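Have a look at the structure below before the remarks.
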Amino acid sequence: MPPKITKLTIADYDEIIRLWAEAGLKYKPKGRDSRASMTKEMALDGVQYFGYYENNQLIGVGLANYDGRRGWINRLAVHPDFRGRNIAGELIAECERFLRSKGAVVLTALIEDINEPSMTCFEKAGFACEKSWLYFCKRSSPDA
């Protein structure tokens, strides 16, 4: 079966969490990444999770989220055994198509400053690093 990108649903939750763990992506299973939280999130019109499948195995995930002003690409992960094949680039492009269809004119991604591969991937996809910005957050709990 050829590789394909498809929309994910909450039925894919266990596969998503497994992939995040295998990819080394930090996640909060008792908070924002819980099944209950992701169920609510996936029901929103401006949110779509995309999965990259090869041979019926989920090997890449990307989350597109339109907040009414900006399009956000989050939680992008590719299984380590499949990196270097532009899977992340294809997921970014799919997220971008979704976000543009919702009306986003500015696309954004938050990347930890130690994650050079992700920075390189987004730069290849045409994103520019805006180094003058600082990210502030206020969490309702450590798992938020």
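Of all residues in region 66-89, which are over 19 Å from Ala21 (Cα atoms) and of a type in the set (Asp, Glu)? Step through it out loud before you land on a result.
Going residue by residue through region 66-89, those that are over 19 Å from Ala21 (Cα atoms) are 66-72, 85-86, 89.
Asp67 - this is the single residue of region 66-89 that is over 19 Å from Ala21 (Cα atoms) and of a type in the set (Asp, Glu).
I'm trying to understand the selection: among the residues of region 115-126, which are within 19 Å of Trp72 (Cβ to Cβ), free of Cβ contacts under 8 Å to residues at least 24 places away in the same chain and not charged (D, E, K, R)? Spell out how you get there, then give the answer.
At the first step, the residues of region 115-126 found to be within 19 Å of Trp72 (Cβ to Cβ) are 115, 118-119, 121-126.
Pick out the ones that are also free of Cβ contacts under 8 Å to residues at least 24 places away in the same chain and you get 115, 119, 123, 126.
Those that are within 19 Å of Trp72 (Cβ to Cβ), free of Cβ contacts under 8 Å to residues at least 24 places away in the same chain and not charged (D, E, K, R): Asn115, Met119, Gly126.
If we keep just the residues of region 4-24 that are of a type in the set (D, E, K, R) and not in a helix (DSSP H, G or I), which is surrounded by the most Cβ atoms within 10 Å (Cβ to Cβ)?
Taking region 4-24 as the starting set, the residues that turn out to be of a type in the set (D, E, K, R) are 4, 7, 12, 14-15, 18, 22.
Add one more test, that the residue is not in a helix (DSSP H, G or I), and what stays is 4, 7.
Values: Lys4: 10, Lys7: 12.
Of everything passing the filter in region 4-24, Lys7 is surrounded by the most Cβ atoms within 10 Å (Cβ to Cβ).
Which count do you get for residues in region 23-50 that are at negative phi, within 15 Å of the chain's Cα centre (by Cα) and of a type outside the set (Lys, Arg)? Steps first, please.
Kept after step one, since they are at negative phi, are these residues of region 23-50: 23, 25-50.
Retained after the next criterion (residues that are within 15 Å of the chain's Cα centre (by Cα)): 23, 25-28, 32-33, 38, 41-42, 46-50.
Next, from what is left, pick out any that are of a type outside the set (Lys, Arg): 23, 25, 27, 33, 38, 41-42, 46-50.
Of the residues in region 23-50, 12 are at negative phi, within 15 Å of the chain's Cα centre (by Cα) and of a type outside the set (Lys, Arg).
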Enumeration of residues in region 10-48 that are of a type in the set (Phe, Trp, Tyr) and at pLDDT 95 or above: Tyr13, Trp20
Criterion (among the β-branched types (Val, Ile, Thr), buried (at least 16 other Cβ atoms within 10 Å of the Cβ), within 17 Å of Tyr13 (Cβ to Cβ) and touching a residue at least 24 places away in the same chain (Cβ under 8 Å)) met by exactly one of Ile87, Ile59, Ile73: Ile59
Residues located in region 110-144, provided they are of a type in the set (Ser, Thr, Tyr) and loosely packed, with under 10 Cβ neighbours inside 10 Å: Ser132, Tyr135, Ser140, Ser141
Counted residues, region 25-56 - those being surrounded by fewer than 17 Cβ atoms within 10 Å (Cβ to Cβ), part of a helix (DSSP H, G or I) and in contact with a helix residue (DSSP H, G or I) (Cβ under 7 Å, 6 or more places away or on another chain): 2
Meets criteria (of a type outside the set (D, E, K, R), under 21 Å from Pro3 (Cβ atoms) and over 16 Å from the mean Cα position of the chain (by Cα)) for Gly84: yes
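The values are calculated or read from the model by the stated rules, or taken from the named source; none is laboratory data. No experiment lies behind these values; they were computed from the predicted model shown. FYI the Cβ positions are ideal-geometry reconstructions off the backbone, even for glycines, and counts take in every protein chain you see.
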